[in-house]
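Structure, as structure tokens:
The values are calculated or read from the model by the stated rules, or taken from the named source; none is laboratory data. Please read all numbers here as calculations on a predicted model, not as lab measurements. For neighbour counting, all protein chains shown are included, and Cβ atoms are generated from backbone atoms with ideal geometry for every residue, glycine included.
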Amino acid sequence: MRLGTDEWPPYEYSTPNGEITGIATDLLKEVFSRMDAPVASLESFPWARGLKQIEAGRLDVLFSANYDETRLRYVRYPKGDLVLSQWVFFVRSEDRERLTFNSFDDLKDHRIGVVRDYSYTPEFSDFIEKNKSAVVVSSDRANLELLLRGRVDYALCDYLNCLQLVNQDRLEGQIFPLDDKPLANIYLYPMFNRSTVSQEFVDRFDEVLLGLKREARYWDIINRHIK
């Protein structure tokens, strides 16, 4: 299997020695090992490039992705997700009393940082299109940088991912998550290349993943990447 992913800690990330690991990475490795499906290669790309790679047939699997029916012409999704992702807004710490999120009305007349080629909820996508409020960046780290510089008022980010980036970049006390009101809870999946991976393989993947989720090892893999 030719696997591709991006840098999105703690779900998938590279260690200082170049190993690609993370919650989703290690869950996939565990499932493929149980299926006797060798991983021939595992590469990291910017997400937009990864999408082009799998569409062009140069990858068998790309992860982690939320469900997007517009991709069904070139990928297969398993029925079961790998893990749940909670999407929240982050603000500068000095704005935590001034900026809130209880409804989309709170976001009106504010600039919101989003990442290119991420699939957000239809309601949020409609909101930023209607209000022309999105500032599009290339990565979550770039999104937090714009937030710190005052170029955006809100940065939308996976909760665990941005907490990890805040820790890595020593930004504690400067950025605050509005985690009492998530925008959405989104399931993350691997996407299988429709041209190179059969539906039978994906069905078998689902069976093995479900078995793993019934074991303590599933949570052991998740917890070892959460700091």
Test: residue in region 144-163 that is surrounded by fewer than 21 Cβ atoms within 10 Å (Cβ to Cβ), farther than 27 Å from S103 by Cα, in contact with a Lys or Arg (Cβ under 8 Å, 6 or more places away or on another chain) and of a type outside the set (F, W, Y): no
Filter result for R217 (over 18 Å from the mean Cα position of the chain (by Cα) and assigned by TED's automatic domain parsing to the domain that holds R58): yes
Subset tally (residues that are of a type in the set (D, E) and either more than 12 Å from V91 (Cα to Cα) or not assigned by TED's automatic domain parsing to the domain that holds T100 (or both)) for region 135-171: 3
Unmet requirement for P78, which otherwise passes all of (1) over 27 Å from S44 (Cβ atoms); (2) at pLDDT 95 or above: (1)
Region 159-211, residues that are among the charged types (D, E, K, R), in contact with a strand residue (DSSP E or B) (Cβ under 7 Å, 6 or more places away or on another chain) and either within 30 Å of L148 (Cα to Cα) or free of Cβ contacts under 8 Å to residues at least 12 places away in the same chain (or both): D179
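Conditions (1) under 27 Å from D179 (Cβ atoms); (2) touching a Ser or Thr at 6+ places or on another chain (Cβ under 9 Å); (3) surrounded by 14 or more Cβ atoms within 10 Å (Cβ to Cβ), marked per residue:
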position	(1), (2), (3)
L51	no, no, yes
E55	no, no, yes
R76	no, yes, yes
L82	yes, yes, yes
W87	yes, yes, yes
F90	yes, no, yes
S103	yes, no, no
K108	yes, yes, no
Qualifying residues in region 208-227 (those that are touching a Gly at 6+ places or on another chain (Cβ under 7 Å) and modelled with pLDDT of 95 or more) - the one surrounded by the most Cβ atoms within 10 Å (Cβ to Cβ): L209
Qualifying helices (runs of 4 or more DSSP H) (wholly inside region 128-217; at least 1 residues being farther than 30 Å from A37 by Cα): 140-148, 159-168
Single condition F192 does not satisfy, out of (1) modelled with pLDDT of 95 or more; (2) out of contact with any Pro (no Cβ under 8 Å at 6 or more places or on another chain): (2)
Residues of region 130-151 satisfying the condition of being touching a residue at least 12 places away in the same chain (Cβ under 8 Å) and more than 23 Å from S85 (Cα to Cα): N131, S133, L148, G150, R151
Number of the condition not met by L72 [criteria: (1) surrounded by fewer than 17 Cβ atoms within 10 Å (Cβ to Cβ); (2) farther than 28 Å from K181 by Cβ; (3) in contact with a helix residue (DSSP H, G or I) (Cβ under 6 Å, 6 or more places away or on another chain)]: (3)
